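Undergrad: Take a look at the following structure, please.
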Amino acid sequence: MARTTTKAYRNQVMYSVFVRNHSQEGTFEAVRRDLERIRSLGVDIIWLMPIHPIGAEARKGRLGSPYAISDYRAVNPDYGTLEDFRRLVDEIHRLGMKCVIDVVYNHTSPDSWLAAHHPEWFYHKADGSLGNHIGDWTDIVDLDYSNPGLWDYQIETLKYWASMVDGFRCDVAPLVPLEFWLRARKEVETVRSGCIWLAESVEPEFIHFARGQGITALSDSEIFQAFDISYDYDVYPAYSGYLEGKLPLSRYAQAVTQQETIYPDNYVKLRYLENHDRLRAAAAIPDEAALLNWTAFLYFQKGMTLLYGGQEKSCVHVPNLFEKDPVDWASGPDRTEQLRRLYALKQNPLLTDSSYCLRALPGDLLYGIHQSAQRQLTGIFSLKGNRGLVAVEAPDGIYPNLADAGSVEVKFGQVSCQGRPMIFETPRLAK
């Protein structure tokens with residue numbers, strides 16, 4: 001793992017913004033005007049999905065994917081000017097937040113500046129034309145990192161943006177060589193000390209497929225050598241499998257708990273219920289009682305919390321990557337107050353540094369504990385709104401419920417679950 005990674009990232013919340021679809025206007029300025037509301041949710045970091053111009057050749061849809069970039073060193077003119085972008089970043093900083101931008105270094109659009117000026121830096125098919133390794137990514141061509149000149153150009157580009165922003169979310173980071181990321185981290189540090197590095201890691205099935213095709217595909221253990229934070233796609237199949245009724249809840253609980261033993265002590269996972277590549281949480285979890293519990297669990301988890309723009313309004317529609325498709329800010333129900341309360345919970349020191357374990361109980365209950373030497377934070381989450389008595393490892397007493405405005409009573413080593421999330425801090429029981 002990156003040795004300098006701070007565990008304090010586990011107390012932070014990141015908010016993802018797709019500039020085009022965040023507003024009807026779809027500009028940097030429109031995002032800037034919304035920053036105070038976003039900050040009030042309890043947000044530490046703004047992640048802007050790709051801000052760069054989009055290629056025209058092989059474009060999907062009318063506007064194209066922001067991940068088919070034509071020029072790494074420019075901003076998308078549809079969003080505004082470079083000065084507009086700088087103004088947005090300045091306002092993010094004024095409000096006490098940090099700004100992370102998307103880095104898409106596995107590929108470019110076929111008509112990118114790099115493809116025109118340095119075609120030798122790309123993967124070539126047998127007929128000599130530019131191509132890509134992943135078949136359905138038809139609007140992009142892959143870069144070839146066997147070229148040292150490409151490394152220099154990409155790192156200089158990172159240093160340019162690092163003079164303005166606080167970090168990078170690196171798209172499909174496992175498909176780019178680890179040695180590149182290690183060098184990039186070291187050199188960017190000379191421009192932006194404490195730069196934030198977030199890797200979009202990939203699911204185990206994708207790693208297996210890519211390696212079978214002879215493609216570089218880094219495991220999470222490799223990713224953590226260069227990055228501070230990694231997606232939790234390693235456990236996503238168990239999570240989605242449970243929601244789809246294909247896997248027991250215990251499989252997911254075991255997968256999360258196993259992370260405590262296979263990663264370094266300062267590992268930081270990005271925890272989310274939704275992102276721009278997945279179903280909205282309110283669509284995947286349509287029952288309001290269940291979503292209330294899953295949302296509380298999201299903040300209880302060890303790791304950084306991710307919110308995707310619109311999640312606070314329980315949006316069910318995933319904005320189209322290729323068209324103008326603005327977020328419906330009137331979706332409802334409004335989760336703002338719940339998120340604010342949970343942000344206060346997120347500051348708890350037990351979420352910074354603890355021994356974390358999770359287990360499934362009968363009745364679709366998740367039972368989790370963060371423990372230090374003297375204290376513990378217990379969470380009980382009824383994922384289908386079920387009620388019942390739950391045996392807990394906590395001293396008898398009445399404690400504030402950190403998930404809402406109520407309280408939790410432990411009596412004879414049990415609590416009564418009423419279908420709502422319960423999170424409470426107690427002394428740790430002596431063994």
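Undergrad: Rank LYS324, LYS159 by accessible area, highest first, at a 1.4 Å probe radius? Walk me through the numbers before you get to the answer.
TA: Values: LYS324 70, LYS159 50 Å².
I get LYS324, LYS159, largest accessible area first.
Undergrad: Still on this structure: To the nearest 20 Debye, how big is the dipole of the stretch 167-310 about its Cα centre, given +1 on the beta carbon of each Lys and Arg and -1 on that of each Asp and Glu? Walk me through the numbers before you get to the answer.
TA: On the way: 13 positive and 19 negative charges, 25 e Å.
That gives a dipole near 120 debye.
Undergrad: Taking the Cα centre of the chain as origin, sum charge times position over the Cβ atoms of Lys and Arg (+1) and Asp and Glu (-1), and report the length of that vector in debye to the nearest 20. Walk me through the numbers before you get to the answer.
TA: Working: 45 positive and 55 negative charges, 285 e Å.
Result for the chain is approximately 1360 debye, rounded to the nearest 20.
Undergrad: Please work out how much length the chain gains when fully extended from LEU95 to SER40, using 0.36 nm per residue of separation minus the C-alpha to C-alpha distance, in nm with one decimal.
TA: Values: separation 55, 0.36 × 55 = 19.80 nm, distance 1.00 nm.
So the extension gain works out to 18.8 nm.
Undergrad: Translational diffusion coefficient, Stokes-Einstein: compute it for the chain using the Kirkwood radius over C-alpha pairs as Rh, at 25 °C and 0.890 mPa s, and state it as an integer in µm² s⁻¹. Write out the running numbers ahead of the final one.
TA: Numbers: Rh = 22.6 Å.
Estimated diffusion coefficient is 109 µm²/s.
Undergrad: Sort all Cα-Cα distances of the stretch 85-136 into consecutive 10 angstrom bins from zero, then give the percent of pairs in each bin up to the one containing the longest distance.
TA: 20, 34, 18, 20, 8, 1
Undergrad: Also, I was wondering about something else. To the nearest 10 square angstrom, how much accessible area does ARG37 have with a 1.4 angstrom probe?
TA: ARG37 has an accessible surface of roughly 70 Å² with all protein chains in place.
Undergrad: While we're here: Rounded to a whole number of µm²/s, how large is the Stokes-Einstein D of the stretch 332-391 at 10 °C and 1.306 mPa s, given Rh as the Kirkwood radius over C-alpha pairs? It would help to have the intermediate numbers written out before the result.
TA: Numbers: Rh = 13.3 Å.
Rounded to a whole number, D works out at 120 µm²/s.
Undergrad: Would you mind working out the magnitude of the charge dipole of the stretch 1-144 relative to its Cα centre, with +1 at each Lys and Arg C-beta and -1 at each Asp and Glu C-beta, to the nearest 20 Debye?
TA: On the way: 17 positive and 20 negative charges, 154 e Å.
It works out to roughly 740 debye.
Undergrad: On a C-alpha basis, how far is the centre of the stretch 136-212 from the centre of the stretch 275-309 in Å? Whole number, if you could?
TA: If we compute the Cα centre of each part, the gap is 27 Å.
Undergrad: Considering only DSSP states other than H, G, I, E and B, which GluC sites (Glu not before Pro) in the stretch 203-308 qualify as loop sites with at most 11 other Cβ atoms within 10 Å? Walk me through the intermediate numbers first.
TA: On the way: sites: GLU205, GLU222, GLU244, GLU260, GLU274, GLU288; in loops: GLU244, GLU274.
Sparse-neighbourhood loop GluC sites (Glu not before Pro): GLU244.
Undergrad: Name the residue, out of ALA115, ALA391, ALA199, whose mean-square fluctuation peaks in a Gaussian network model built on the chain with Cα pairs under 10 Å.
TA: Top of the fluctuation ranking is ALA391.
Undergrad: Another question, then. Just report the Cα centroid separation between the stretch 355-386 and the stretch 9-46, whole Å.
TA: About 31 Å separates the Cα centre of the stretch 355-386 from the one of the stretch 9-46.
Undergrad: Which loop-located chymotrypsin sites (Phe, Trp or Tyr not before Pro) does the stretch 255-331 contain, where loop means any DSSP state but H, G, I, E or B and the Cβ has at most 11 other Cβ atoms within 10 Å?
TA: On the way: sites: TYR267, TYR272, TRP294, PHE297, TYR299, PHE300, TYR308, PHE322, TRP329; in loops: TYR267, TYR272, PHE322, TRP329.
Nothing satisfies the criteria.
Undergrad: What FRET efficiency, computed as 1/(1 + (r/R0)^6) with R0 = 25 Å and r the Cβ-Cβ distance, is obtained for GLN24 and ASP334, rounded to the nearest 0.05?
TA: Values: r = 20 Å, r/R0 = 0.78.
With R0 = 25 Å, the Cβ-Cβ based efficiency is 0.80.
Undergrad: Please express the Cα-Cα pair-distance distribution P(r) of the stretch 233-276 as a list of whole percents, one per 10 Å bin, running from 0 to the bin with the greatest distance.
TA: 26, 51, 21, 1
Undergrad: For the stretch 207-270, what is the per residue volume of the convex hull drawn over the alpha-carbon atoms, in cubic angstrom?
TA: On the way: hull volume 5.9 nm³, N = 64.
Hull volume normalised by residue count: 92 Å³.
Undergrad: Oh, and also: Just for the chain, what percent of DSSP beta bridges are antiparallel, to the closest 5?
TA: On the way: 34 of 60 bridges.
Here the share of antiparallel DSSP bridges comes out near 55 percent.
Undergrad: Each label point is 7 Å from the Cα along the Cα-to-Cβ direction; what then is the distance between the points at SER372 and ASN147, in nm?
TA: Output for this residue pair reads 5.2 nm.
Undergrad: Taking every pair of Cα atoms in the stretch 289-422, average 1/r, invert it to obtain the Kirkwood radius, and report Rg/Rh to two decimals.
TA: Details: Rg = 16.4 Å, Rh = 16.1 Å.
Checking Rg against Rh, the ratio lands at 1.02.
Undergrad: Ordering GLU189, GLU312 by how much accessible area each has at a 1.4 Å probe, largest first, what is the list? Don't skip to the end; give the middle numbers.
TA: Values: GLU189 75, GLU312 0 Å².
Sorted descending by solvent-accessible area, the residues read GLU189, GLU312.
Undergrad: In addition: In Å and from the alpha-carbon atoms only, list the Rg and Dmax of the stretch 271-351.
TA: In order Rg, Dmax, the Cα atoms of the stretch 271-351 give 12.9, 43 Å.
Undergrad: With a point put 7 Å past each Cα toward its Cβ, work out how far GLU57 is from ARG428 in nm, to one decimal.
TA: 6.0 nm
Undergrad: Could I ask something else about it? Among THR257, TRP121, ALA58, which residue has its Cα positioned farthest towards the positive end of the charge dipole of the chain, with +1 placed on the Cβ of Lys and Arg, -1 on the Cβ of Asp and Glu, and the dipole taken about the Cα centre?
TA: Result: THR257, furthest along the dipole toward the positive end.
Undergrad: Please report the net charge: other residues with Cβ closer than 15 Å to the Cβ of ASN386, K and R +1, D and E -1. Intermediate results must be reported in sequence, preceding the final value.
TA: Numbers: positive: LYS384, ARG387, ARG420; negative: ASP287, GLU288, ASP364.
Residues close to ASN386 contribute a combined charge of 0.
Undergrad: Over the chain, with the other protein chains present, what is the accessible area per residue in square angstrom, probe 1.4 angstrom? Walk me through the numbers on the way to the answer.
TA: Values: 16980 Å² over 431 residues.
Accessible area per residue: 39 Å².
Undergrad: Tell me which trypsin sites (Lys or Arg not before Pro) from the stretch 217-311 have a DSSP coil assignment and no more than 13 other beta carbons within 10 Å of their own. Could you put the intermediate results ahead of the total?
TA: Details: sites: LYS246, ARG251, LYS269, ARG271, ARG278, ARG280, LYS302; in loops: LYS246, ARG278, ARG280, LYS302.
Counting only loop positions with at most 13 other Cβ atoms within 10 Å, the trypsin sites (Lys or Arg not before Pro) in the stretch 217-311 are LYS246.
Undergrad: Would you kindly calculate the mean projected area, averaged across all directions, of the convex hull enclosing the Cα atoms of the stretch 1-88, in square nanometres? Can you show the working numbers first?
TA: Details: hull surface 30.9 nm².
Taking a quarter of the hull surface, the average projection is 7.7 nm².
Undergrad: Further question: Would you mind checking the stretch 1-38 for residues with the amide N under 19 Å from a putative spin-label position 7 Å along Cα→C-beta of ASN320?
TA: Zone members listed by number: 18-27.
Undergrad: Which of ILE207, ALA290, ILE398 sits farthest toward the positive end of the charge dipole of the chain, with +1 on the Cβ of Lys and Arg and -1 on the Cβ of Asp and Glu?
TA: Looking along the dipole axis, the top candidate is ILE398.
Undergrad: Give the long-range amide H neighbours of ASP232: residues separated by 5 or more places, or on another chain, with amide H under 5 Å away, using H modelled in the peptide plane at 1.01 Å from N.
TA: Those lying under 5 Å, H to H, from ASP232 are LEU270.
The values are calculated or read from the model by the stated rules, or taken from the named source; none is laboratory data. Predicted, not measured: the structure shown is a model, and the values here were computed from it. We place every Cβ from the backbone using ideal geometry, glycine too, and count neighbours over all the protein chains shown. Remember, those area values only see protein heavy atoms, side chains included, never the ligands or the DNA or RNA. Shrake-Rupley method; radii C 1.70, N 1.55, O 1.52, S 1.80 Å.
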